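J.: Below are the structure tokens for one structure; questions will follow.
The values are calculated or read from the model by the stated rules, or taken from the named source; none is laboratory data. Worth saying up front: this structure is predicted, and the values here are computed from it rather than measured. Backbone-built Cβ (ideal geometry, glycine too); neighbour counts: all protein chains shown. Heavy atoms of the whole protein, side chains included, go into the accessibility calculation; ligands, DNA and RNA do not. Shrake-Rupley method; radii C 1.70, N 1.55, O 1.52, S 1.80 Å.
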Amino acid sequence: MAGNGDTMGAQTVGHETNLAGRTAVVTGAASGIGAACARRLAEDGASVVLLDRDERVVEAADQLGGRGLVVDLTDTAALSTMELNADILVNNAGIQHVSPIEQFPPERFHQILTLMVEAPFLLLRAVLPGMYERGWGRVVHISSVHGMRASAYKSAYVAAKHATEGLSKTVALEGGPRGVTSNTVCPAYVRTPLVEGQIAAQAATHQIPETEVVERIMLTEPAIKRLIEPAEVAAAVSYLCSPDASFVNGSSLVVDGGWSAR
Ligand SMILES: NC(=O)c1ccc[n+]([C@@H]2O[C@H](COP(=O)([O-])OP(=O)(O)OC[C@H]3O[C@@H](n4cnc5c(N)ncnc54)[C@H](O)[C@@H]3O)[C@@H](O)[C@H]2O)c1
């Protein structure tokens, strides 16, 4: 499958190649939404660099003709001195923990905020100077409907996603005059290992059977009663990196089936 990021791949799926000559860095790209984003941006013509703590990232990158780097994004000391060149940065890596606040382990709260707020900030610090120098950059943060709305038992995640929204808007203001846009994509529940891994914890916390979690917890709010596919989120990211979106800056592209319309 090497070389999938060429024009032929894009023609196969029938959308315009517009990122030839651009380098895209995607975090958390060994799995789920990050893997789908890396694939889609490669199909759009970008050279992709995949970051993940999971070693499967190397194989995922090989399949796209890209580069895979095994890195723990909570290692902030390493990120502070990291040299990274990117025209596109997709801050995607994230984790979840479901627990009432009074039982929420403080070290887990710290880990979630480090991974989902501080690491994106440090990566921005690394890539923005190059984007400014070249006068072009696209930053996309995978936020969530939880960047707009809260859910009980997800204090760290909801706090982190609200922070993501603020960070993205700040980049939009600083980067806009220099050719760099920053936006978020806010999905409801996407069919990925992160969601599958939540089912047992949600069942225990809400005291319902695991078989009922998707319908009774995850699909109560969206007006469209299905999980989103990772490729649909990746399509939103692709749009935000396309020429059609060049004036879209500091916005939140909500892909939540109507959840936040309430
Ligand atoms: N799945 C959903 O329903 C959903 C909904 C809205 C937003 N999101 C967001 O999308 C993003 C991706 O989620 P996903 O569902 O694809 O999850 P996932 O678990 O499938 O993938 C997350 C990836 O991040 C990597 N990662 C975790 N900790 C890391 C660390 N310390 N250093 C480097 N990599 C690390 C994991 O190894 C994994 O490959 C997250 O930010 C999540 O909050 C997911």
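J.: Pairs, please: C-beta under 8 Å, at least 6 apart or cross-chain, first residue more than 23 Å from ILE224 (Cβ to Cβ) and in the stretch 242-255, second of a type in the set (A, V, I, L, M) and surrounded by fewer than 13 Cβ atoms within 10 Å (Cβ to Cβ)?
T.: Close Cβ pairs satisfying both conditions: GLY250/LEU173.
J.: Now for a different question. Condition test on LEU64, is it at pLDDT 95 or above, surrounded by 21 or more Cβ atoms within 10 Å (Cβ to Cβ), more than 12 Å from the ligand (Cβ to nearest atom) and closer than 24 Å to SER246 by Cβ?
T.: Judged against the criteria, LEU64 is not a match.
J.: Separate question: Tell me whether the stretch 145-153 contains one or more residues that are closer than 17 Å to VAL254 by Cα, modelled with pLDDT of 95 or more, surrounded by fewer than 16 Cβ atoms within 10 Å (Cβ to Cβ) and among the aliphatic types (A, V, I, L, M).
T.: So far as the stretch 145-153 goes, yes, one or more of its residues are closer than 17 Å to VAL254 by Cα, modelled with pLDDT of 95 or more, surrounded by fewer than 16 Cβ atoms within 10 Å (Cβ to Cβ) and among the aliphatic types (A, V, I, L, M).
J.: Please go through the stretch 39-52 and give me each residue that is within 15 Å of the ligand (Cβ to nearest atom) and without any contact (Cβ under 8 Å) to a residue 40 or more places away in the chain, ordered by number.
T.: Hits for the stretch 39-52 are VAL49, LEU50.
J.: State whether one or more residues within the stretch 91-98 are open to solvent by 40 Å² or more (accessible area, probe 1.4 Å) and farther than 22 Å from PRO230 by Cα.
T.: No - not one qualifying residue is present in the stretch 91-98.
J.: Please pick out the residue among GLU107, GLU118 that is under 21 Å from LEU51 (Cα atoms) and of a type in the set (Asp, Glu). Show your work before the answer.
T.: On the way: GLU107 fails: under 21 Å from LEU51 (Cα atoms).
Matching residue, one of GLU107, GLU118: GLU118.
J.: Residues of the stretch 132-176 being without any contact (Cβ under 8 Å) to a residue 24 or more places away in the chain and of a type in the set (Gly, Ala, Ser), which ones?
T.: ALA150, SER151, GLY166
J.: Of all residues in the stretch 177-204 being of a type in the set (Val, Ile, Thr) and without any contact (Cβ under 8 Å) to a residue 40 or more places away in the chain, which is most open to solvent (accessible area, probe 1.4 Å)?
T.: Checking each candidate, the answer is ILE199.
J.: Determine which member of the set THR164, THR170, THR181 is in a strand (DSSP E or B) and at pLDDT 95 or above.
T.: Numbers: THR164 fails: in a strand (DSSP E or B); THR170 fails: in a strand (DSSP E or B).
Being in a strand (DSSP E or B) and at pLDDT 95 or above holds for just one of THR164, THR170, THR181, which is THR181.
J.: Answer yes or no as to whether LEU69 is out of contact with any Cys (no Cβ under 7 Å at 6 or more places or on another chain) and at pLDDT 95 or above. It would help to see each step written out before you state the result.
T.: Values: out of contact with any Cys (no Cβ under 7 Å at 6 or more places or on another chain): yes; at pLDDT 95 or above: yes.
Judged against the criteria, LEU69 is a match.
J.: Residues that are of a type in the set (D, E, K, R): find the helices (runs of 4 or more DSSP H) completely inside the stretch 33-114 holding 1 or more of those.
T.: Those helices (runs of 4 or more DSSP H) span 56-63, 106-113.
J.: Hey, can you tell me all the residues within the stretch 127-141 that are within 15 Å of the ligand (Cβ to nearest atom) and either of a type in the set (A, V, I, L, M) or outside the structural domain of VAL237 (by TED's automatic domain parsing) (or both)?
T.: Within the stretch 127-141, VAL139, VAL140 qualify.
J.: Let me ask another. Given the criterion within 17 Å of the chain's Cα centre (by Cα) and assigned by TED's automatic domain parsing to the domain that holds VAL140, identify the matching residue among SER246, SER182.
T.: SER182
J.: Please find, within the stretch 205-216, the residue that is surrounded by the fewest Cβ atoms within 10 Å (Cβ to Cβ) out of those that are of a type in the set (Val, Ile, Thr) and without any contact (Cβ under 8 Å) to a residue 40 or more places away in the chain.
T.: So, considering only residues that are of a type in the set (Val, Ile, Thr) and without any contact (Cβ under 8 Å) to a residue 40 or more places away in the chain, the one surrounded by the fewest Cβ atoms within 10 Å (Cβ to Cβ) is THR211.
J.: Residues of the stretch 217-247 being more than 16 Å from the ligand (Cβ to nearest atom), assigned to a helix (DSSP H, G or I) and surrounded by 14 or more Cβ atoms within 10 Å (Cβ to Cβ), which ones?
T.: TYR239, ALA245 - these are the residues of the stretch 217-247 that are more than 16 Å from the ligand (Cβ to nearest atom), assigned to a helix (DSSP H, G or I) and surrounded by 14 or more Cβ atoms within 10 Å (Cβ to Cβ).
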